[in-house]
Amino acid sequence: MLEVADVTKTYSGVPAVRGLSLSAVPGQVIGLLGPNGSGKSTTVRMLVGLLRPSIGAIRWEGVDIQQQLLRYQASVGYVPEEPHLYEYLTAPEYLELVGGIRDIPASALSRRIDRYLQLFGLETDIYAPLSAFSKGMRQKVLISAALLHDPAIIVFDEPCSGLDVESTLVLRALVRTLATRGKTIVYSSHVLDMVEKVCDQVVILHKSHVVAHDSVSRLRELSQAASLEEVFASLAVSRDVDRIGRELAEVAVS
Ligand SMILES: Nc1ncnc2c1ncn2[C@@H]1O[C@H](COP(=O)(O)OP(=O)(O)OP(=O)(O)O)[C@@H](O)[C@H]1O
Ligand SMILES: [Mg+2]
């Protein structure tokens, strides 16, 4: 079980996440939802062991991840928000590099790389450097890199970013299948529809606080809303979005 116990993270004394608690068991997809700057990526970076909580602890199978960081990170796959890749490598070279770091035997690695590139429709792009890849193509390489070592925990931060409709549907089926295979999954996104479709539980963050934490159906029931979008709007959208949109369109013509 992955447990976040009363975690607070501050940057130079300013809290980015306050008093967050959650737990996810294998087979569960937990969604992190919230407006810009609400603390999703900070939470994700703590969950993958890149940031240390200022207060509280994150435990995997009962042990604080800080006490077993390398072992823990070996069982985590992470799709980061920013698609930073080694631009001069090709996709197979990049995945070989990641697979080497993950200690995957050469024959299995080469088989997996071929399969990911084929399934993501990148098999004709194997000689191009990653600098020539579009945002969606980069995202497919990042997702492949996160899954290569068959991790027990997979953390996605805005994984749909840049993906077209078909690839988004593929990602949805992939996440649900990984959950069925017993993976523990954290899925952070703005895309409400996707969160609603793939997550079992949702944590809604707003200004670094948790404003709701429940199953998608229960959240809808509680607020008697038809969709998660309405729940989200009632809990986390505090500004007059229509007025701001209209005023933004006027700025350069006034
Ligand atoms: N490295 C950092 N140093 C200082 N402050 C930071 C840092 N990273 C994030 N913050 C602050 O922490 C808060 C939460 O940021 P975070 O990136 O976690 O939000 P987010 O929910 O992922 O936002 P977005 O939806 O835009 O990706 C913001 O106020 C942000 O300015
Ligand atoms: Mg973010």
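Below are the figures for this structure:
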quantity	calculated
Enumeration of residues in the stretch 90-121 that are touching a helix residue (DSSP H, G or I) at 6+ places or on another chain (Cβ under 6 Å) and hydrophobic (A, V, I, L, M, F, W, C)	A91, L95, V98, L109, I113, L117, F120
Qualifying residue in the stretch 53-72 (condition: away from ligand 2 (no atom under 16 Å from the Cβ), among the aliphatic types (A, V, I, L, M) and within 18 Å of L178 (Cβ to Cβ))	no
Residues located in the stretch 73-89, provided they are within 16 Å of ligand 2 (Cβ to nearest atom) and touching a helix residue (DSSP H, G or I) at 6+ places or on another chain (Cβ under 8 Å)	Y78, V79, P80, E81, P83
Complete set of residues in the stretch 138-156 that are of a type in the set (A, V, I, L, M, F, W, C) and in contact with a strand residue (DSSP E or B) (Cβ under 7 Å, 6 or more places away or on another chain)	L142, I143, A146, L147, A152, I153, I154, V155, F156
Cβ-Cβ under 6 Å pairs, at least 6 apart or on other chains, the stretch 39-54 side farther than 12 Å from S189 by Cα, far side in a helix (DSSP H, G or I) and within 8 Å of ligand 1 (Cβ to nearest atom)	L51/R45
Matching entry among S161, S110, S131 (being in contact (Cβ under 8 Å) with a residue 60 or more places away in the chain and surrounded by fewer than 21 Cβ atoms within 10 Å (Cβ to Cβ))	S161
Matching residues in the stretch 37-52 - criterion: being within 16 Å of ligand 2 (Cβ to nearest atom) and of a type outside the set (S, T, Y)	G37, G39, K40, V44, R45, M46, L47, V48, L50, L51
Candidates I30, I58 - the one that is over 30 Å from G121 (Cα atoms) and touching a strand residue (DSSP E or B) at 6+ places or on another chain (Cβ under 7 Å)	I58
Y11, sole failed condition from (1) within 14 Å of ligand 2 (Cβ to nearest atom); (2) more than 15 Å from the chain's Cα centre (by Cα); (3) closer than 16 Å to Q201 by Cα	(3)
Enumeration of residues in the stretch 160-194 that are within 16 Å of ligand 2 (Cβ to nearest atom) and within 20 Å of V48 (Cα to Cα)	C160, S161, V186, Y187, S188, S189, H190
Matching residues, the stretch 55-77, being touching a Gly at 6+ places or on another chain (Cβ under 9 Å) and not hydrophobic (A, V, I, L, M, F, W, C)	G56, Q66, Y72, Q73
Matching residues, the stretch 141-158, being free of Cβ contacts under 8 Å to residues at least 60 places away in the same chain and open to solvent by 30 Å² or more (accessible area, probe 1.4 Å)	D150
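The values are calculated or read from the model by the stated rules, or taken from the named source; none is laboratory data. All values reported here derive from a predicted model rather than from experimental measurement. Every residue, glycine among them, receives a Cβ derived from its backbone with ideal geometry; neighbour counts consider all protein chains shown. Keep in mind that these areas ignore ligands, DNA and RNA; they rest on the heavy atoms of the full protein, side chains included. Shrake-Rupley method; radii C 1.70, N 1.55, O 1.52, S 1.80 Å.
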